[in-house]
Structures are given as C-alpha cells and as structure tokens.
Amino acid sequence: MDQKRILYISPNAFRGGAEKFVLDNLKLHQESGKFLAQVLFFESGPISEDLKSLGFKVHVLPFKLRMSRPLSVIRAIFFLFLLIKKEKISLAHSTMAYAHIIVSPAALFAGVPEVWFQHGPVGSIWDQVGKLLPFRKVLFNSEFLKNEHSKIFGPNFDEDSLVVPLGVEVSSGTDIDPSLYGIKKDQKVLLWIGRICVGKGLHLAIEALGHLDERSDWHFIAVGEATNKEDQEYLNRIKLRISELKLENKVSIVHGQKNMSRFYNISHALIHSAVIPESFGLVVAEALGHGLFVVSSSHGGVAGLVGNNERGILYDSFSKTASLILAGIIEEYLDGRTFEVEKMKEEGIRFIKEFHTPKIMNNSLEDLYLRVLN
C-alpha cells in the first residue's frame, strides 16, 4: 500500500495536551500503517525528545520564530515549503492558529492540503489572522470549542469543520510508594494535574483546601510544570500560600513526570479548578477513564465530559465564592455524604471506553485525511 506522508507542525514541544495529541497520533499512525508521519516543532522540548527516542523523524525550526518580525515569518514559511518538498509530504497538519499562519502559505505554495486543529482557547489575534488564510478543514476537540470558534468564523463555516474526539490512555498499576509523599493508608488522595499557571487554577484548589480546617483524612498531590518565568513566579506564590495556610504536610507538588497513570492509580478523586474555560479537559477525561471521582469546573468543554453531574460533580469555578463551594464539595466527598460516588465512577469509565479511546480518535483523524487526499 502506498503510504501518504503527513507532516505535523507544532509551535511547542512541552508536555501539554496539544503536544501530547501529536505524540499519540504519530504512534497510532505507525500502528495502523496507513500513513508515514513526522513532525516539525518551532522549538525543541520534552515531547520532541520523546519522539526522537521512539525513532520518529523530528524536525526543529533552526532559528527563533518571531511573529513581530516579517522577515522571520517569511523565513519560516520558506523553510517549511522546502521541508514539504524535500520530504514529499502529502498533507500538513497545523497545531493551533500560530502554526497555521506559517503552514497555510507554505502548503499552498507546495501544492498540498492543510488541516488546522484548534485545541483552544480561541479568540486570540492569531485566530483572527488565521481565519483569513486558506485551509482544507478546521478541527476541534469539543463541540464547545467549535461553537466558540463559530463566533470568530461566522455561522457559515460548519461544512469545513469537524470535531475529533480526543483519545484517553488508561493503564492500571503504579510503581509509586504513597508514603514517599507523606500519604497515610487511611487518607483519601486528592489529585490535581496540569500546567502550573494562573489559568489552570491551582491557587483556587489550594484556597479550598485551606477551608478544610483540621481534617487529617486527605492528602493533595499537584503534578505539573511551570514552563516559563511567569509560571515560575506563580508557583512561588503558590508555595508561599501553602506555607501561610500551614498545609506543607498535606500538599505535595511533583514535577518532571511523563506517566500520569501512576498518579491516577494511587488517587481517589481529581480536583479540576481551571479559572478559564478549557476547550476539552484532557485531565478530566483521563481521570474518568481511570475510575476517579471527579470534581470539575462547570465552564468549557469539561462540562460535557462530566455531564449533568452524571460522571462527577460540577461547580462554578468562576464564582467569587468558588473556593468555599469547592471546599464544601470536597468535605461532602470525604464524609461519604450525598454523592453516588461509585455509580459516577462506573459511568465515567463506561463513557470514556465508548467515546474517547485512542483508536476512536485516530480512526476519525485518518478517515478525514483519506477524504481530504482523495
């Protein structure tokens, strides 16, 4: 079978949801055998190194791209045009509008179609510019994001759009010794996972924990990275607040992790505390798939994952009293009151198996590629 060549283009290579999507689909394309996939990153990072170690062809832009400098943009477009020609690429896949702005003209000049995957959030200046450039299809990770994007594109773009259900990897077992984090056998482990930045709302979760008084039946683990100077300053403020609330023995912050299943499998509940509307909420989907009780913001695509309190509990993370509301939900959960926890957990596992497996995601994507190329 003649394998078409796909080039993924991603601005970043840190461990984020959009970047994990690229990594996962390169592996899945390799398994299916329908496409030969490779990737270009605008800068190197952990994901690019992971893909290199797995034997994939990885390209990194050999200079710093600055959108504010026209010559830098032109240079990047020309570099990508030459790469498409050299590698005999059949289709280009842009990750977010930032990449689309570079990929669209390069793909047009090279005579190959481009699909543009919006992972969210939307509404930036790059989205406004991106909508002016040609593309074959624009893809979304949730109906919520598609609806948000229609406010930018207008009501007549639906025929060029598709929602691709993101896949969730679930694995059992763990090699983590909970006692290394100070977790006692009778404690419930509350988990938070995400990039450590203001939008993901770790500060909201910490404030909520500060309202739990003298309870000793829980331990909180936050797993994530501060990826730039601003995020590091935010993390420093978080650590100071943990000290002020005297939570040092109850809160652990963990960095440098690849395998999140290890942490899902020692935890009992996921606390999602984003203070911006997340387009999909990969962490929430992963927690559901691993059978955790989920407490989630009611804003954004995560609400669709949790349902109307069918697979977890939703709360208004934008409210001025959000920390008190969240603290109340956590207390009810710890007390074993009100919530049908086991029923919710079972429904969460079923939902992910039915709609959000990696195979479902990749099949949807490859079917689209075949339609575009034919």
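The values are calculated or read from the model by the stated rules, or taken from the named source; none is laboratory data. Bear in mind that the values here come from a model prediction, so they are computed numbers and not experimental data. Methodologically, a virtual Cβ is constructed for each residue, glycine included, from the backbone with ideal geometry; neighbour enumeration extends over all protein chains shown.
Those residues that are under 18 Å from Asn363 (Cα atoms) and of a type in the set (Phe, Trp, Tyr), I need them from the stretch 8-54; list them, please.
Tyr8, Phe21, Phe35
Taking the condition among the basic types (Lys, Arg) and at pLDDT below 95, does Arg350 pass? It would help to see each step written out before you state the result.
On the way: among the basic types (Lys, Arg): yes; at pLDDT below 95: no.
Here the answer is no, as Arg350 does not meet what is asked.
Pairs needed: first member in the stretch 138-162, in the same structural domain as Glu19 (by TED's automatic domain parsing) and within 20 Å of Val372 (Cα to Cα); second member anywhere, at pLDDT 90 or above and among the hydroxyl-bearing types (Ser, Thr, Tyr); C-beta distance under 8 Å; at least 6 residues apart or different chains.
Matching pairs, first to second residue: Phe140/Ser279; Asn141/Ser279; Leu162/Ser364.
The conditions are (1) touching an Asp or Glu at 6+ places or on another chain (Cβ under 6 Å); (2) part of a helix (DSSP H, G or I); (3) not polar (S, T, N, Q), and Glu148 fails exactly one of them. Which is it?
Glu148 satisfies every listed condition except (1).
Quick check: anything in the stretch 285-301 over 16 Å from the mean Cα position of the chain (by Cα), in contact (Cβ under 8 Å) with a residue 60 or more places away in the chain and either buried (at least 22 other Cβ atoms within 10 Å of the Cβ) or assigned to a helix (DSSP H, G or I) (or both)? Write out each step before concluding.
Initial filter on the stretch 285-301 (over 16 Å from the mean Cα position of the chain (by Cα)): 290-295, 298.
Of the ones still in play, those that are also in contact (Cβ under 8 Å) with a residue 60 or more places away in the chain are 290, 292.
Next, only the ones that are either buried (at least 22 other Cβ atoms within 10 Å of the Cβ) or assigned to a helix (DSSP H, G or I) (or both) stay: 290, 292.
So far as the stretch 285-301 goes, yes, one or more of its residues are over 16 Å from the mean Cα position of the chain (by Cα), in contact (Cβ under 8 Å) with a residue 60 or more places away in the chain and either buried (at least 22 other Cβ atoms within 10 Å of the Cβ) or assigned to a helix (DSSP H, G or I) (or both).
Of all residues in the stretch 1-55 being small (Gly, Ala, Ser) and not in a helix (DSSP H, G or I), which is nearest to the chain's Cα centre (by Cα)?
Going residue by residue through the stretch 1-55, those that are small (Gly, Ala, Ser) are 10, 13, 16-18, 32-33, 37, 44-45, 48, 53, 55.
Among the residues that remain, those that are also not in a helix (DSSP H, G or I) are: 10, 13, 16, 33, 37, 44-45, 55.
Values: Ser10: 14, Ala13: 13, Gly16: 5, Gly33: 26, Ala37: 21, Ser44: 18, Gly45: 16, Gly55: 24 Å.
Checked the stretch 1-55; the qualifying residue nearest to the chain's Cα centre (by Cα) is Gly16.
Counting only residues that are surrounded by fewer than 17 Cβ atoms within 10 Å (Cβ to Cβ) and modelled with pLDDT of 90 or more, how many does the stretch 134-168 have?
Number satisfying all stated conditions: 3.
Considering the stretch 100-137 alone, what residues qualify as being under 19 Å from the mean Cα position of the chain (by Cα) and either assigned to a helix (DSSP H, G or I) or without any contact (Cβ under 8 Å) to a residue 24 or more places away in the chain (or both)?
Correct list: His100, Trp116, Asp127.
What are the residues in the stretch 243-284 that are in a helix (DSSP H, G or I) and surrounded by 19 or more Cβ atoms within 10 Å (Cβ to Cβ), if any?
First pass over the stretch 243-284, keeping only residues in a helix (DSSP H, G or I): 243-244, 261-264, 282-284.
Scanning the stretch 243-284 gives Phe263, Tyr264, Leu282, Val283, Val284.
Quick test for you: out of Lys27, Lys64, Lys52, Lys86, pick the one residue that is surrounded by fewer than 19 Cβ atoms within 10 Å (Cβ to Cβ) and touching a strand residue (DSSP E or B) at 6+ places or on another chain (Cβ under 6 Å). Steps first, answer last, please.
Working: Lys27 fails: touching a strand residue (DSSP E or B) at 6+ places or on another chain (Cβ under 6 Å); Lys64 fails: touching a strand residue (DSSP E or B) at 6+ places or on another chain (Cβ under 6 Å); Lys86 fails: touching a strand residue (DSSP E or B) at 6+ places or on another chain (Cβ under 6 Å).
Of Lys27, Lys64, Lys52, Lys86, the one residue that is surrounded by fewer than 19 Cβ atoms within 10 Å (Cβ to Cβ) and touching a strand residue (DSSP E or B) at 6+ places or on another chain (Cβ under 6 Å) is Lys52.
Within the stretch 166-194, can you find the residues that are assigned to a loop (DSSP other than H, G, I, E, B) and more than 23 Å from the chain's Cα centre (by Cα)? Can you show your working first?
First, the residues of the stretch 166-194 that are assigned to a loop (DSSP other than H, G, I, E, B): 166-177, 182-187, 194.
Across the stretch 166-194, the qualifying residues are Asp175, Ile176, Asp177, Gly182, Ile183, Lys184, Lys185, Asp186, Gln187.
For the stretch 5-18, what are the residues that are among the charged types (D, E, K, R) and modelled with pLDDT of 95 or more? Explain how you work it out, then say what you get.
Of the residues in the stretch 5-18, the ones among the charged types (D, E, K, R) are 5, 15.
Within the stretch 5-18, just Arg5 meets the criteria.
Please go through the stretch 195-242 and give me each residue that is among the hydrophobic types (A, V, I, L, M, F, W, C), part of a helix (DSSP H, G or I), more than 24 Å from Asp316 (Cβ to Cβ) and within 24 Å of the chain's Cα centre (by Cα), ordered by number.
Result: Leu235, single match.
Evaluate the stretch 316-324: report whether one residue or more is at pLDDT 95 or above, under 15 Å from His272 (Cβ atoms), of a type in the set (Phe, Trp, Tyr) and buried (at least 19 other Cβ atoms within 10 Å of the Cβ). Working first, answer last.
Filtering the stretch 316-324 for residues at pLDDT 95 or above gives 316-324.
From what is left, the residues that are under 15 Å from His272 (Cβ atoms) are 316-319, 322-323.
Among the residues that remain, those that are also of a type in the set (Phe, Trp, Tyr) are: 318.
Subset that is buried (at least 19 other Cβ atoms within 10 Å of the Cβ): none.
No: the stretch 316-324 contains no residue that is at pLDDT 95 or above, under 15 Å from His272 (Cβ atoms), of a type in the set (Phe, Trp, Tyr) and buried (at least 19 other Cβ atoms within 10 Å of the Cβ).
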